[in-house]
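The values are calculated or read from the model by the stated rules, or taken from the named source; none is laboratory data. No experiment lies behind these values; they were computed from the predicted model shown. Please note: Cβ atoms are built from the backbone with ideal geometry, for glycine as well, and neighbour counts cover all protein chains shown.
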Amino acid sequence: MKKTALITGISGQDGAYLGQFLLNKNYKVIGSDRRSARSVNWRLRRLGIENKLIYEEMELGEIYEIQRVFKKYKIDEVYNLAAQSFVGASFNSPLNTSNITGLGTLRILETIRSLNPKIKFYQASSSEMFGDVLERKQKETTPLNPQSPYAISKVFSHYITQNYRNSYGMFASSGILFNHESPLRGEEFVTRKIIIGLIKILKNDIKYFELGNLYAKRDWGYAKEYVEAMWKMLQVKKPSDYVIATGKTYTIKKFIDIATNYLNMNVKWIGKGLNEKLIDIKNKKTIIKINPKFFRPSEVNFLVGNFSKAKKELGWKPKTNLKKLIKIMIDDELKYYN
């Protein structure tokens with residue numbers, strides 16, 4: 001029998017890759033998004049799947065919308081990827097972030113519980129939940145210490161997913177995914193912002209661009225690999241929560257160094273603190289400046305994941321290191337530039 005999967009947030013990076021993955025597994029894929037995201041389908045077009053899935057508008061703030069979609073289709077698996085997912089923006093719109101990223105999850109779980117508790121549910125949890133970290137390497141049992149409205153909303157979703165699993169015997173699992181990047185990443189995220197900025201400088205389209213904290217450390221993996229882990233979580237016998245990560249962490253500054261090296265840019269860092277900048281050695285012109293407005297009100301300085309449980313129980317491990325990931329992102333950006 002052909003399985004039917006619902007992916008919320010289908011037009012995002014993870015939604016697009018997961019949609020492609022499930023279609024290749026011969027699933028019937030229903031992709032949902034909020035009304036305003038309907039026109040943002042460039043990722044689905046780029047992967048060549050825009051016309052291969054069924055599209056439904058579904059606002060996570062409206063339970064009747066959710067119930068309508070669940071009554072319309074015989075759904076086997078739900079992947080809840082929809083969220084206000086940009087951490088910086090969550091400080092400016094905490095109410096909307098909490099309503100969609102937090103309560104949206106509860107609305108879906110309650111719909112599944114009342115209509116068909118046999119539906120398997122995947123919740124996209126986040127490494128941001130660990131926040132100001134309380135363990136050197138973060139695993140499934142590491143205490144959560146969130147530092148942003150986004151992370152706090154994700155903690156609510158994470159715990160409510162556990163609660164429905166334990167209280168109602170539902171197959172509900174959370175993937176605690178560490179930062180995962182790709183050519184489909186949104187331009188507001190620092191990794192893609194860096195790559196686009198450097199290419200624009202090489203093409204003489206801009207003179208410089210600005211960043212915030214260069215010394216935040218992140219565990220960066222390849223999004224295309226991480227969606228396979230999501231699927232694997234719903235194929236095991238017992239639902240559980242899993243950290244998905246690479247186990248290695250790098251500063252944003254190191255990310256820039258790898259990218260400029262791959263682009264053969266002759267650059268060097270000068271200055272300290274807010275005066276630190278990256279200059280072109282040849283003409284002494286600044287290409288990256290620090291701007292305090294890009295610092296978060298409450299910063300998460302260090303994240304690195306321990307994926308040993310996923311390796312043992314799901315047979316999953318990362319294959320793409322940071323150097324290779326940056327190469328994939330730059331090559332794609334150059335291919336589609338303009």
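What number goes with the only condition from (1) of a type in the set (Ser, Thr, Tyr); (2) within 20 Å of the chain's Cα centre (by Cα); (3) loosely packed, with under 12 Cβ neighbours inside 10 Å that Thr320 does not pass?
Unmet condition: (3).
Any idea which residue in the stretch 156-205 is nearest to Lys324 (Cα to Cα), counting only those that are under 15 Å from the mean Cα position of the chain (by Cα) and of a type in the set (Val, Ile, Thr)?
Among residues in the stretch 156-205 that are under 15 Å from the mean Cα position of the chain (by Cα) and of a type in the set (Val, Ile, Thr), the one nearest to Lys324 (Cα to Cα) is Thr191.
Please determine whether any residue of the stretch 199-212 is surrounded by fewer than 20 Cβ atoms within 10 Å (Cβ to Cβ), touching a residue at least 24 places away in the same chain (Cβ under 8 Å) and within 30 Å of Ile119 (Cβ to Cβ).
no
Which pairs do you get when a residue that is within 21 Å of Tyr226 (Cα to Cα), found in the stretch 122-135, comes within reach of a residue that is among the aromatic types (Phe, Trp, Tyr) and in a strand (DSSP E or B), reach meaning Cβ atoms under 6 angstrom, with the pair 6+ apart or on two chains?
Once the first residue is within 21 Å of Tyr226 (Cα to Cα) and sits in the stretch 122-135, its partners that are among the aromatic types (Phe, Trp, Tyr) and in a strand (DSSP E or B) give Tyr122/Tyr79.
Within the set of pairs 6 or more residues apart or between chains, which connect a residue that is surrounded by 19 or more Cβ atoms within 10 Å (Cβ to Cβ) inside the stretch 236-262 to a residue that is basic (Lys, Arg) and at pLDDT below 95 with Cβ atoms less than 6 Å apart?
So the pair list comes out as Thr249/Lys217.
I'd like the residue in the stretch 277-301 that is among the aliphatic types (A, V, I, L, M) and modelled with pLDDT of 95 or more and, out of all such residues, is surrounded by the fewest Cβ atoms within 10 Å (Cβ to Cβ). Let's see the steps before the verdict.
Quick first cut of the stretch 277-301, residues among the aliphatic types (A, V, I, L, M) only: 278-279, 281, 287-288, 290, 300.
From the residues that got through so far, the ones that are modelled with pLDDT of 95 or more too are 278-279, 281, 287-288, 290.
On the way: Leu278: 25, Ile279: 18, Ile281: 10, Ile287: 22, Ile288: 22, Ile290: 18.
Looking at residues that are among the aliphatic types (A, V, I, L, M) and modelled with pLDDT of 95 or more, I get Ile281.
Give me a count of the residues in the stretch 1-39 that are surrounded by fewer than 22 Cβ atoms within 10 Å (Cβ to Cβ) and part of a loop (DSSP other than H, G, I, E, B).
So the count comes out to 9.
Checking the condition modelled with pLDDT of 95 or more and either in contact with a Phe, Trp or Tyr (Cβ under 6 Å, 6 or more places away or on another chain) or closer than 21 Å to Ser157 by Cα (or both), which residue from Gly271, Gly305, Gly315, Gly221 passes?
Gly305
Where the second residue is at pLDDT below 95 and of a type in the set (Ser, Thr, Tyr) and the first is closer than 24 Å to Ala151 by Cα and lies in the stretch 165-178, which pairs have Cβ atoms under 6 Å and are six or more apart or on separate chains?
Pairs found: Phe178/Ser127.
Report, by residue number, each residue of the stretch 206-232 that is farther than 28 Å from Asn338 by Cα, in a helix (DSSP H, G or I) and charged (D, E, K, R).
Within the stretch 206-232, Glu228, Lys232 qualify.
Quick one: in the stretch 112-141, of everything that is in a loop (DSSP other than H, G, I, E, B) and at pLDDT 95 or above, which residue is farthest from Tyr164 (Cα to Cα)? Quick ask: steps written out before the conclusion?
Start the filter on the stretch 112-141 by keeping residues that are in a loop (DSSP other than H, G, I, E, B), which leaves 116-119, 131-137, 139-141.
From what's left, at pLDDT 95 or above: 116-119, 139-141.
Details: Asn116: 13, Pro117: 10, Lys118: 12, Ile119: 12, Lys139: 21, Glu140: 18, Thr141: 18 Å.
Checked the stretch 112-141; the qualifying residue farthest from Tyr164 (Cα to Cα) is Lys139.
Here's a check for you: in the stretch 40-84, which residue that is in a loop (DSSP other than H, G, I, E, B) and among the basic types (Lys, Arg) is nearest to the chain's Cα centre (by Cα)?
Looking at residues that are in a loop (DSSP other than H, G, I, E, B) and among the basic types (Lys, Arg), I get Lys52.
Looking at Tyr64 and the list (1) at pLDDT 95 or above; (2) within 21 Å of Lys224 (Cβ to Cβ), which single condition is not satisfied?
Failing condition for Tyr64: (2).
Within the stretch 165-189, can you find the residues that are part of a helix (DSSP H, G or I) and out of contact with any Phe, Trp or Tyr (no Cβ under 8 Å at 6 or more places or on another chain)?
Residues satisfying the conditions are Asn166, Ser167, Tyr168.
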